[in-house]
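In what follows, a structure is listed as structure tokens, so that the remarks can point back to it.
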Amino acid sequence: MVAGDDNTPGGRRRHARRVKIASLATHVPPRVMTNADLEKLVDTTDEWIRQRTGIVERHVVDPGVGTSDLIAPAAREAIAKAGLTPDDIGVIVVGTTTPDTVFPSTACLVQHKIGASRAWGFDLGAACSGFTYALTTAAELVATGSHRHALAVGADVMSSILDYQDRATCVLFGDGAGVAVVSPAAEDEPAIIDFSHEIDGSGGPALRLPAGGSLRPASHETVDQRMHYVHQDGHAVFRFAVRKTEEICRCILARNAIDADQLDLFVSHQANKRIIMSAAERLGLDAAKVVINIERYGNTTGATIPLALGDALADGRLKKGDLVLLASVGAGFTVGSVLLRWAF
Ligand code: UT7
């Protein structure tokens, strides 16, 4: 795998091992919340939500279900699909914004639930870039040779931090999980090619959960002021997401001397259909190469990219050997991209 710490051509580091995504599995809770359901909760319409976002429905958990409960079945399935057992997993990297609890980490809960007796792991906070960053982190740990198999997870229960009195945010998100097994690739196997990530902390105020952390611990006041929910400046995030999705994609393509039209599939974070399509148009990508499944799941934060990859695999659009570009922009701001050849 080639590392992304230097955005200049030729400024790249090469590890000993090539690394691939060996398998993928996803899980969403069974309960579906439609736009019509939301019309009963807030002053919104199915037409507004579809036109402005592309979302038709999303899956949401029942009370008592946490992020680790969505990850565990996907992890078991991904491990089995890779022909492995939980004992083969060396490290679990969970990209999530909605851990079951502040501590213990969701990685620890998943390790216990799936019986990955030899794994260590940790949670990684990158909001909507949770999967791209977890994938890169897991891949780097396998590439160095310190681990043979890793789990890269993107998962969120966004319904746990949504204000169902705020129509500007509650219609946007859903719950879900995706797990990739990351393993060494043989010389002749398709593999992960490159990544490029950035953060820009000046964008923090545009998308945040104001209370519940060390700065503003939970109190009657923070609850009364509805500070334990997602707060977003939608316009600022929209503008940043369109600009940076294009920019990070151009960067990673240029330094690998790949033209956008050589890509087989573009799998972007699913926050808004309009963001994805305008980034794809700016990149000159054929719409047929752009995966969009936001209509079924809404924005599941860390889970959108694995859910989109899973759907593309299921409908035959994603095949072994395909050149795939993943891209994400999220709270922080975090920006990510991973270029890979699909391995199965
Ligand atoms: O994963 C990364 C995180 N998030 C994102 O990437 C989201 C980025 N932002 C967006 O996707 C869009 O900005 C939104 C979908 C959040 C909003 O779409 P918009 O086209 O920017 O709408 P707007 O905020 O300009 O609002 C237009 C109108 C407003 O009414 P007025 O002021 O024109 O009378 C809003 O109050 O739509 C109103 N509105 C709604 N109306 C019906 C806002 N939310 C709703 C709603 N239903 N749910």
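Looking across 183, 202, one residue alone is at pLDDT 95 or above, among the small types (Gly, Ala, Ser) and under 30 Å from residue 22 (Cβ atoms). It is 183. Sort out which residues of the stretch 27-54 are assigned to a loop (DSSP other than H, G, I, E, B) and near the ligand (Cβ under 9 Å from one of its atoms), and write them in order of number. Scanning the stretch 27-54 gives 42, 43, 44, 45.
Has the stretch 38-49 got any residue that is within 17 Å of the chain's Cα centre (by Cα) and on the phi < 0 side of the Ramachandran plot? No: zero hits.
When 155, 168 are checked against the criterion of being within 16 Å of the ligand (Cβ to nearest atom), assigned to a helix (DSSP H, G or I), closer than 22 Å to residue 241 by Cβ and aliphatic (A, V, I, L, M), 168 stands alone in meeting it.
Yes or no, residue by residue, for (1) of a type in the set (Lys, Arg); (2) crowded, with 23+ Cβ neighbours inside 10 Å; (3) modelled with pLDDT of 95 or more; (4) outside the structural domain of residue 160 (by TED's automatic domain parsing):
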{"position": "2", "(1), (2), (3), (4)": "no, no, no, yes"}
{"position": "23", "(1), (2), (3), (4)": "no, no, yes, no"}
{"position": "27", "(1), (2), (3), (4)": "no, yes, yes, no"}
{"position": "43", "(1), (2), (3), (4)": "no, no, yes, no"}
{"position": "46", "(1), (2), (3), (4)": "no, no, yes, no"}
{"position": "56", "(1), (2), (3), (4)": "no, no, yes, no"}
{"position": "83", "(1), (2), (3), (4)": "no, no, yes, no"}
{"position": "102", "(1), (2), (3), (4)": "no, no, yes, no"}
{"position": "108", "(1), (2), (3), (4)": "no, no, yes, no"}
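For the stretch 61-99, a tally of residues being within 16 Å of the ligand (Cβ to nearest atom) and part of a loop (DSSP other than H, G, I, E, B) returns 3. For the stretch 124-139, residues that are assigned to a helix (DSSP H, G or I) and either of a type in the set (Gly, Ala, Ser) or under 12 Å from residue 195 (Cα atoms) (or both) total 11. Could we say that residue 216 is in contact with a helix residue (DSSP H, G or I) (Cβ under 8 Å, 6 or more places away or on another chain) and among the basic types (Lys, Arg) here? For residue 216, the condition - in contact with a helix residue (DSSP H, G or I) (Cβ under 8 Å, 6 or more places away or on another chain) and among the basic types (Lys, Arg) - is met. Of all residues in the stretch 96-106, exactly one satisfies the criterion of being touching a strand residue (DSSP E or B) at 6+ places or on another chain (Cβ under 6 Å) and over 14 Å from residue 156 (Cβ atoms), namely 105.
May I ask you to verify whether residue 243 is at pLDDT 95 or above, within 15 Å of the ligand (Cβ to nearest atom) and out of contact with any helix residue (DSSP H, G or I) (no Cβ under 9 Å at 6 or more places or on another chain)? Judged against the criteria, residue 243 is not a match. Against the test of being within 21 Å of residue 135 (Cα to Cα) and of a type in the set (Gly, Ala, Ser), the options 302, 284 yield a single qualifying residue, 302. For the stretch 315-326, the criterion of being in contact (Cβ under 8 Å) with a residue 60 or more places away in the chain, part of a helix (DSSP H, G or I) and surrounded by fewer than 18 Cβ atoms within 10 Å (Cβ to Cβ) is met by none of the residues. Just one of the listed residues (299, 293) is touching a residue at least 40 places away in the same chain (Cβ under 8 Å), within 18 Å of the chain's Cα centre (by Cα), closer than 30 Å to residue 75 by Cα and within 15 Å of the ligand (Cβ to nearest atom), namely 299. Which numbered condition in (1) over 14 Å from the mean Cα position of the chain (by Cα); (2) near the ligand (Cβ under 10 Å from one of its atoms) is the only one that residue 314 fails? For residue 314, the exception is condition (2). Is the stretch 327-336 home to any residue that is surrounded by fewer than 21 Cβ atoms within 10 Å (Cβ to Cβ) and either outside any helix (DSSP H, G or I) or not assigned by TED's automatic domain parsing to the domain that holds residue 177 (or both)? Checking the stretch 327-336: not a single residue is surrounded by fewer than 21 Cβ atoms within 10 Å (Cβ to Cβ) and either outside any helix (DSSP H, G or I) or not assigned by TED's automatic domain parsing to the domain that holds residue 177 (or both). Candidates in the stretch 253-275 are the residues that are over 24 Å from residue 36 (Cα atoms) and within 15 Å of the ligand (Cβ to nearest atom); of these, the one that is surrounded by the most Cβ atoms within 10 Å (Cβ to Cβ) is 269.
The values are calculated or read from the model by the stated rules, or taken from the named source; none is laboratory data. Every value quoted in this text rests on a predicted model; they were computed, and no experiment measured them. Positions of Cβ are backbone-derived with ideal geometry, glycine not excepted, and every protein chain shown enters the neighbour counts.
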